[in-house]
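Enquirer: Have a look at this one.
The values are calculated or read from the model by the stated rules, or taken from the named source; none is laboratory data. All values reported here derive from a predicted model rather than from experimental measurement. Cβ sites come from the backbone with ideal geometry, for glycine too, and all protein chains shown count toward neighbours.
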Amino acid sequence: MPTGSPLVLTYLVTNASSDGSPISSVQVFDDAGTPGVPGDDLAPIYQSGDDGDGLLEVGEVWFFVAPAGLEARAGVQRHVATALGLSSAGNAVDDTDLVYYNGGGTTPASIRIEKAINAADRRGRRRRRGCRGAPGPTLLVGTPITWTYLVFNDGSEAAAPRLDRGRLRHRRCGG
Ligand SMILES: [Ca+2]
Ligand SMILES: [Ca+2]
């Protein structure tokens with residue numbers, strides 16, 4: 001969706017109690033895509049689903065909607081919603097769910113490199129033999145070594161990567 005377009009977030013909450021007991025004081029929160037910033041969290045508003053007793057019972061589906069006026073933000077966004085409530089015994093119960101959307105636009109290029117030894121294929125997706133920690137892969141003396149480098153752009157803005165051979169260093173695993 002384009003950056004700045006209207007964003008409507010909806011939430012469905014059900015009772016998954018194995019003993020069939022109702023849940024009271026049901027509330028929903030959304031981290032607004034910023035888990036480290038509690039000040040901007042959303043408080044979705046109850047719309048429908050209750051039979052009128054204020055208790056979330058097995059079989060009911062409560063429908064919540066985030067406050068109006070939200071707009072899509074640029075780039076890939078990840079929202080985590082949390083439902084809270086109290087069991088009939090007074091114990092806190094909760095569950096979380098997440099959703100992603102792509103708000104379009106561009107996010108700054110972010111380069112990432114992964115180095116491997118004798119990767120099974122050029123993309124290194126299988127049997128990648130990295131050297132992330134001691135002792136690393138065991139190779140017989142004289143085993144041919146092929147170093148491979150995967151370069152990623154984790155942003156949505158184009159980047160023109162180049163490898164500086166003079167700065168590529170090999171370190172012994174654990175050394
Ligand atoms: Ca937040
Ligand atoms: Ca009810």
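Residues checked against (1) at pLDDT 60 or above; (2) over 30 Å from GLY75 (Cα atoms); (3) part of a loop (DSSP other than H, G, I, E, B):
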site	(1), (2), (3)
GLU114	yes, no, no
PRO135	yes, yes, yes
THR138	yes, yes, yes
ILE145	yes, yes, yes
THR148	yes, no, no
VAL151	yes, no, no
PRO161	yes, no, yes
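Enquirer: Can you name the number of the only condition in (1) in contact with a Leu (Cβ under 6 Å, 6 or more places away or on another chain); (2) of a type outside the set (A, V, I, L, M); (3) within 16 Å of ligand 1 (Cβ to nearest atom) that THR34 fails?
Expert: (1)
Enquirer: Next question. Considering only residues of segment 1-19 that are within 16 Å of ligand 1 (Cβ to nearest atom) and part of a loop (DSSP other than H, G, I, E, B), which is farthest from the chain's Cα centre (by Cα)?
Expert: In this case the residue turns out to be LEU7.
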